[in-house]
Protein chains: 2
Amino acid sequence: MADNARRWNGWGLAGESVPVPTAACEWLTSRIGTGDPLSAVDESAVVVTPARTLTALPAASMSDAATRLRFACGQSFPDLLALRTGRIEAFPDAVCFPENADEVVRLLRAATDHGLAVIPRGGGTSVVGGVTVAPDAKPIVVLSLERLHGLETLDAASRLAIFRAGTLGPEVEASLAPHGLRLGHEPQSFEFSTVGGWVASRSAGQRSTGIGKIEDLVAGVEVATPSGLWRLPPQPASAAGPELRRLVAGSEGRLGVITAATLRVRELPEVEDGQVVLLPSWSAGSEVCRALLQSGNRVEVLRLSDPTETSFATTLVPLSRMQAIVSQMLFGFPRYRHGCLLLLGWAGAAQDVVLARHAAARVWREHEGLSLGESGWRRWRADRFRHPYLRDALLTRGWGVDTLETAAQWSRLGGVWNAVPTAMRAAAEAMGFRTAVMCHLSHAYPDGASLYFTFLWPLRAGSEFSQWNTLKRAATTALLAAGGTLSHHHGVGTMHAPYLESEVGEQGTAVLSAIVRALDPGATLNPRVLLDRGTINRSEPSGDGGDR
Amino acid sequence: MADNARRWNGWGLAGESVPVPTAACEWLTSRIGTGDPLSAVDESAVVVTPARTLTALPAASMSDAATRLRFACGQSFPDLLALRTGRIEAFPDAVCFPENADEVVRLLRAATDHGLAVIPRGGGTSVVGGVTVAPDAKPIVVLSLERLHGLETLDAASRLAIFRAGTLGPEVEASLAPHGLRLGHEPQSFEFSTVGGWVASRSAGQRSTGIGKIEDLVAGVEVATPSGLWRLPPQPASAAGPELRRLVAGSEGRLGVITAATLRVRELPEVEDGQVVLLPSWSAGSEVCRALLQSGNRVEVLRLSDPTETSFATTLVPLSRMQAIVSQMLFGFPRYRHGCLLLLGWAGAAQDVVLARHAAARVWREHEGLSLGESGWRRWRADRFRHPYLRDALLTRGWGVDTLETAAQWSRLGGVWNAVPTAMRAAAEAMGFRTAVMCHLSHAYPDGASLYFTFLWPLRAGSEFSQWNTLKRAATTALLAAGGTLSHHHGVGTMHAPYLESEVGEQGTAVLSAIVRALDPGATLNPRVLLDRGTINRSEPSGDGGDR
């Protein structure tokens, strides 16, 4: 049942890989030096501890070592480290594959009755520990949604499509396209992540500036809970109390297992068009983004790389001789020494796209932008799902790499952009190594935008985790202090859980804990994500608070 | 402290009124006959029962009879009936006027300690019983937010404005306009309703098709709870767990008292333009609306009246002789016998408005629309806040009138539009009277729209409440059965509370109850709204559910 096409210990398909270009190695070596290669052990070298015996589960299940290994981890840096070294903390005792929503409910009831923990899993691409199995006194069942997939119903007049939770990105679009429709939700993990996972983690796609985050696209949802199926029917809008669909979005498998979602879809665009523009600085670039969003420009894809990412990006793409000359000339030009690449994309009716592109040009010209044409846009479209493969190649070459992301209002965005790399470099220096931190602004809104940081460092054998942990902690603390949100689209998982209260307040965690207890009184569901063990057992805010 | 400019027993300002035009009386008489005038008693004739003695409250408070009367009711039909007849069920024991958020927290703590019930009140315009005082063993304090008003901070770069909860609509716009900004949230109650009330009830303004509902405009919120101030800072978007700001929106004073909200504002438009179009039928009109929304037309105001509302509307507006001839000609024309008026409005950059209006014209021409020009649009803009005054005038003339609203996806909208008046007419007939039910489609979305019903009937002395109750119950049951939401923007209040579970499921009410208990363990806050007394005490969904 385990999908053997997937690489068991890294990103994507087993047969695919992306090598690190020589220019990128040179760039990294000159900036942060070289590190200790982290080779990957053979699958046969992994010791899969024996499964605890479970009572029969009311759905197909497997508990062979290979399956248990494939469902033990997600795609976070600590997950990768565990998989490559073979030192995996814990394995599920069984993996089950329900065929329909009623089977999911029966599984949750059985798990509650028998004191099991259940980790719901879509595509397994969480980078924040959302699906990672941890040692637990309770036996652990991973509940794979892979057999609940496909388009269930299409209401073309209302542009609403009900998808089963386990539907992967490509199947979503393939089932809509014959009807002239698309969802347009294309996260980096598109090929391997699922509808249910997107909703559970409040995912955002690369087109989210135009299309919205997944929670904006969810009109209705069906959730399996130990007390039965919870159906929130699709409504275009409502005032029937607080919006509970928005509670399910971001619930990360703690409130129930999302079994289906009614998603807002749209017409396939008549045309798609895009371009790359060079701006002289980060501040000029972010002013362009702000102006585009606040003027209502219908830009669908927007991505502004900061000077470091812009510089690193040129080492990743094989440039034609002519492009290389142009690029050298531009970046050599003093005004563009700290140049930032801005990728813009539009989709829709031909006339609308032309108008939006012209309106955008008026904005970036005001900020001394230079058009680099359409080839960069085409290359981005062709390559965009291949970047995660680089992680595995970089580890093999001795460089650690991870990403993290946040969002903030425009007035705070520059502060966040500055604070995060500063804090990370200081933390690395204190531990005696260097880090390269690069950033892009994407997923923009009239009131702010998300920032996506990629950081690299030379691996030190045996200290890989503590190096990563030092950087991650410095970044998270810095972004929260500067007014950023804990995550814009990766979610909380286990990794960010200790920080959640600092963002949502003690009333916020009290509310979430109360909801968890109401829907999952047996604490069966994904018990380590979202809320710390510490907060989940507290029943109400501490009260008095006279000193606040 | 009571605002004496407001009419104590009806809508709006004491000095303002709108008479029922003779043509409207004729229209009503011919369709539903005449009824028993409901005259209004003098304020001096109202017996205000003595207040129970309360321990000193930590904020300015009043408990004179006039103030207690003015804070006893909202603006629902049963409220109006109580006020006009002087038979008011209950009065608050005190009305308090905190000056800042900390005082609100202290009040909630004192109320919890002393076993009081607290009804938070913004402008007091709820039409669903959201602020109505009911008999209670607990002493009742109405907490007026009127002293917490005004713009607190403006972040012009991020287009974010923090308003105190008690800020009325006109003050919101007046404080933004000097900065070249607007909120654009203009519910029918705009002049008398507040920021906090909008958020608490998930209000929608007349421009919501372009601007969004209030919950879309809330970037951050501050809520006073018995355990302290709960601050959810503004973020453009997040994946830090479920969106708790969306739990506060629609919480109707049950989870806490909203003391401030950070709202997304926008530039004042360069131009504003609109027109009225006549469509040959309801189905043609709703197809035009659907096409406009699904093609991404930037229409800001959209309102399609059904044939009954279109017909009644012509009795309300004094037509020029020329207009009268044109109107007669058009409606006399067989094709437009069931004609529907569609009001369209745009605001923004001049070029965008022209383009959007032209794009819309291509759509309505395809559906045999005829432009009636701009004068209808200008009249609507001038008169739109005056309609609620008609309610009082109609009661005096012997006709009951109320409104209700819902929303549904496009594929179900025709069914809801048909089911509601059918059920109401049958219910009236069974009770031996007639009702006129008219509707408009407004607040449209790519996946559906809201329907707003106005119903009138001849009052029968002594049976006014049961007539109303019969109609309301028939309508609510019918709209839920046809797939409509319980409310699109009026909220739940006490009036819709018994129906909430049928929409959100038993898991939904269990979740809401758990949240209420977590934030308000003393059950101090607005204890009759949103959740039935029955559901609030139930701790989790009934579980077993083997027969589901």
Hey, can you tell me all the residues within region B:513-532 that are more than 15 Å from B:H496 (Cα to Cα) and either more than 7 Å from every other protein chain (Cβ to nearest Cβ) or assigned to a helix (DSSP H, G or I) (or both)? B:S513, B:A514, B:I515, B:V516, B:R517, B:A518, B:L519, B:D520, B:G522, B:A523, B:T524, B:L525
Being out of contact with any His (no Cβ under 8 Å at 6 or more places or on another chain), open to solvent by 50 Å² or more (accessible area, probe 1.4 Å), touching a residue at least 40 places away in the same chain (Cβ under 8 Å) and of a type in the set (A, V, I, L, M, F, W, C) narrows it down to one residue among A:A51, A:A45; which is it? A:A45
Could you check how many residues of region A:165-201 are away from every other protein chain (no Cβ under 14 Å) and within 19 Å of A:L247 (Cα to Cα)? 4
How many residues does region B:155-166 hold that are crowded, with 18+ Cβ neighbours inside 10 Å and closer than 30 Å to A:S286 by Cα? 7
If B:W364 satisfies every condition in (1) open to solvent by less than 20 Å² (accessible area, probe 1.4 Å); (2) at pLDDT below 95 but one, which is the exception? (2)
Within region B:262-304, restricting to residues that are small (G, A, S) and either within 13 Å of chain A (Cβ to nearest Cβ) or touching a Phe, Trp or Tyr at 6+ places or on another chain (Cβ under 6 Å) (or both), the one that is farthest from A:E300 (Cα to Cα) is B:S283
Qualifying positions in region B:124-144 - farther than 17 Å from B:R68 by Cβ, open to solvent by 10 Å² or more (accessible area, probe 1.4 Å) and within 24 Å of the chain's Cα centre (by Cα): B:T125, B:S126, B:V127, B:G130
Members of region A:447-481 that are open to solvent by 30 Å² or more (accessible area, probe 1.4 Å) and under 28 Å from B:L160 (Cα atoms): A:Y452, A:T477, A:L480, A:A481
Listed by range, strands (runs of 3 or more DSSP E) wholly within region A:108-199 having at least 3 residues that are within 30 Å of A:N469 (Cα to Cα) are A:117-121, A:140-144
Which ones in region B:30-54 are under 30 Å from B:K138 (Cβ atoms) and part of a loop (DSSP other than H, G, I, E, B)? B:V41, B:V46, B:V47, B:V48, B:T49, B:P50, B:A51, B:R52, B:T53, B:L54
If you check every pair at least six apart or on different chains, which have Cβ atoms under 9 Å apart with a residue in region B:453-481 that is at positive phi first and a residue that is open to solvent by 10 Å² or more (accessible area, probe 1.4 Å) second? B:G462/B:D36
Screening B:G256, B:G250 for residues that are at pLDDT 95 or above, touching a Pro at 6+ places or on another chain (Cβ under 6 Å) and either among the basic types (K, R) or under 25 Å from A:G241 (Cβ atoms) (or both) leaves only B:G250
Suppose the filter is over 30 Å from A:A436 (Cβ atoms), within 28 Å of the chain's Cα centre (by Cα), at pLDDT 95 or above and part of a loop (DSSP other than H, G, I, E, B); does A:A72 pass it? yes
Which listed residue, of B:T494, B:T485, B:T470, B:T454, is among the polar types (S, T, N, Q) and within 12 Å of chain A (Cβ to nearest Cβ): B:T485
Return the pairs, sorted by first residue and then second, in which the second residue is part of a helix (DSSP H, G or I), the first residue lies in region B:91-117 and is of a type in the set (V, I, T), the beta carbons are less than 9 Å apart, and the residues are 6+ apart or on different chains. B:V95/B:T67; B:V95/B:R68; B:V95/B:R70
Could you name every one of the strands (runs of 3 or more DSSP E) located completely within region A:385-479 that has at least 2 residues being closer than 17 Å to A:S76 by Cα? A:399-409, A:448-458
Only one of these is surrounded by 22 or more Cβ atoms within 10 Å (Cβ to Cβ) and basic (K, R): B:R70, B:R87, B:R106. Name it. B:R70
Log entry, pairs with first residue in region A:269-291 being more than 21 Å from A:R381 (Cα to Cα), second being basic (K, R) and surrounded by fewer than 23 Cβ atoms within 10 Å (Cβ to Cβ), beta carbons closer than 8 Å, six or more apart or on different chains, reads A:P280/A:R335
Quick count over region A:339-370, residues being more than 14 Å from chain B (Cβ to nearest Cβ), over 27 Å from A:L268 (Cβ atoms) and more than 28 Å from the chain's Cα centre (by Cα), is 7
Of the residues in region A:402-435 that are in contact with a helix residue (DSSP H, G or I) (Cβ under 6 Å, 6 or more places away or on another chain) and crowded, with 22+ Cβ neighbours inside 10 Å, the one that is farthest from the other protein chains (Cβ to nearest Cβ) is A:T435
When residues of region B:436-445 are filtered for being within 14 Å of chain A (Cβ to nearest Cβ) and over 16 Å from B:L304 (Cβ atoms), how many remain? 0
Residue check, A:A204 part of a strand (DSSP E or B), within 12 Å of another protein chain (Cβ to nearest Cβ) and buried (at least 20 other Cβ atoms within 10 Å of the Cβ): no
When only residues in region A:215-241 that are within 7 Å of chain B (Cβ to nearest Cβ) and touching a Ser or Thr at 6+ places or on another chain (Cβ under 6 Å) count, which is surrounded by the most Cβ atoms within 10 Å (Cβ to Cβ)? A:A239
Going by the conditions given, is A:G10 open to solvent by less than 20 Å² (accessible area, probe 1.4 Å), closer than 21 Å to A:G130 by Cα, of a type outside the set (A, V, I, L, M, F, W, C) and touching a helix residue (DSSP H, G or I) at 6+ places or on another chain (Cβ under 7 Å)? yes
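The values are calculated or read from the model by the stated rules, or taken from the named source; none is laboratory data. Bear in mind the structure is a predicted one, so any value in this text is a computation, not a measurement. When we count neighbours, we look across all protein chains shown, and the Cβ atoms used for this are built from the backbone with ideal geometry, even at glycine. Accessible surface areas use protein heavy atoms only, side chains included; no ligands, DNA or RNA. Shrake-Rupley method; radii C 1.70, N 1.55, O 1.52, S 1.80 Å.
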